[in-house]
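The structure appears below as structure tokens.
Rule-based calculations on the coordinates, nothing more; no lab input. The shown structure was predicted, so the numbers you read here are calculated from the model rather than taken from an experiment. Don't worry about glycine lacking a Cβ; one is built from the backbone with ideal geometry, like all the others, and counts go over all protein chains shown.
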Amino acid sequence: MSINQLTLDQIKGLALKREFFIYYIFLTVMLLFTVTLHDSGFFSLTNFMNIVRQTAPVTIMAIGLTFALAVGHIDLSIGAVVALSALVGAILLQHVGIPLAVVGALSVGLIVGLINGLLIERLQVSSLLITLGTMGVITGVARQITNLESVPIIDQTFTAFFGAGELFGVPSLLIWTLVIAVIAYVVLTKLSFGRHLLAVGGSPKAALAMGIKVTRIRLYALVISSLAAALAGLLYAGRLHGARYTLGEADLLTVIAAVAIGGTSLFGGRACIIGAILGSWLMGMINNGLILSGFSTNEQMIARGVILVIAVAIGVKELKNG
């Protein structure tokens, strides 16, 4: 079987039931909150734009994690990368211009992704364990470099470009989301690299037999995941006008739930960019609806956990049936 034929089968087999599942759940939840919160302004363009703005970093992280999961790897370090990249960008912004600050922040993601990938492939250890370890290291570094203090950002150009600005009335955070989504979709579904990702995730041995450089593809996938987290850190810093070591630390569960419920397999071989975006917006909509309903933060965490369990259960069931 050729790589092109394998790709066609993979893309056609992106589990239509799972894709329809995220659409169904998204519309159902929207309808539920629209009816129950009809007097709270939930169903309004302003509120939906707020959801998009608030979830933009999570959406970017979800898109990046989709690449890692596509090859069968999980990246638990992305939340820590968000915090460290935001801090590095904010610190550099006080001494150098925006371009160098952005390069410095993204370099954090590049370096962490390379370290994760090299350790996993060289040591042949589970990505779960390696990224769990690097998460601890990165979290410690983020706390250490600023001594647990926040770093403010007063550069209005930076905050406008990465957070609070607009272009022709369109929020910059939405523009970032759409641009990254389009790039990721094209890479995953139109380029040979995307076909190789799915082939490696579906069957590494078969992919290797077809001449695909499995180790290199896995390494690239982890770098993309980490770079996306670094970009999310910049978006957080721009929206919040500052950086803090706690940025992103509560996002990991939300990101995994968004990607899983969006149709990407947690075991590799299947990925859905559109599903990851809708899954992210779904999680944001649920949080927004629960807040407007008067639910506490703890209850919101419970809801996210339940959603993740459901998504994983569906994924495991499909794996056994497939």
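For LEU253, neighbours were defined as the other residues whose beta-carbon sits under 15 Å from its Cβ, and their charges (Lys and Arg +1, Asp and Glu -1) total -3. Comparing VAL88, LEU191, VAL255 along the charge dipole axis of the stretch 3-314, the residue lying farthest to the positive side is LEU191, per the Cβ-charge model.
What is the dipole size for the stretch 181-287, taken about its Cα centre, with +1 at each Lys and Arg Cβ and -1 at each Asp and Glu Cβ, in debye to the nearest 20? That gives the stretch 181-287 a dipole magnitude of about 420 debye.
For the residues ALA250, ALA86, ALA276, a GNM of the chain with alpha-carbon springs under 10 Å puts the largest fluctuation on ALA250. Taking each full run of DSSP H in the chain as one helix, which ones are at least 27 Å long along their axis (Cα atoms) and have mean Kyte-Doolittle hydropathy of at least 1.0? Counting only whole DSSP H runs, the qualifying helices are 16-36, 45-70, 98-123, 214-240, 273-292. Just so you know, the averaged projected area of the alpha carbon convex hull for the stretch 63-202 sits at 9.8 nm².
With a cut-off of 15 Å between beta carbons, the residues surrounding VAL137 carry a summed charge of -1, where Lys and Arg count +1 and Asp and Glu -1. The Cα center of the stretch 153-179 and the Cα center of the stretch 262-277 differ in position by 27 Å.
7 Å from Cα along Cα→Cβ at both THR157 and TYR23: what's the point-to-point distance in nm? Placing both labels 7 Å along Cα→Cβ, they lie 4.4 nm apart. Between amide H atoms placed 1.01 Å from N, distances below 5 Å from GLY268 occur with GLY72, all of them 5 or more places distant or on a separate chain. In the chain, helical runs assigned H by DSSP with n ≥ 4 each contribute -39500 (n - 2.57); averaged across all residues and rounded to the nearest 500, the mean residue ellipticity at 222 nm is -25000 deg cm²/dmol. In plain terms, the chain is cut at each of the GluC sites (Glu not before Pro) found in a DSSP loop with at most 15 other Cβ atoms within 10 Å, and the longest leftover piece is 1-148.
With the convex hull of its Cα atoms as the shape, the chain has an orientation-averaged projected area of 16.6 nm². Proximity of backbone amide H atoms, modeled 1.01 Å from N, is registered between GLY242 and ILE153 at under 5 Å, excluding neighbours fewer than 5 places apart on the same chain. Annotation for LEU128 and ARG216: the two label points, set 7 Å from Cα along the Cα-Cβ direction, are 3.0 nm apart. Spin-label model, GLN144/VAL182: points 7 Å from Cα along the beta carbon direction are separated by 4.2 nm. Per-residue extension of 0.36 nm, minus the Cα-Cα distance of SER293 and HIS38, leaves a gain of 90.7 nm for this segment.
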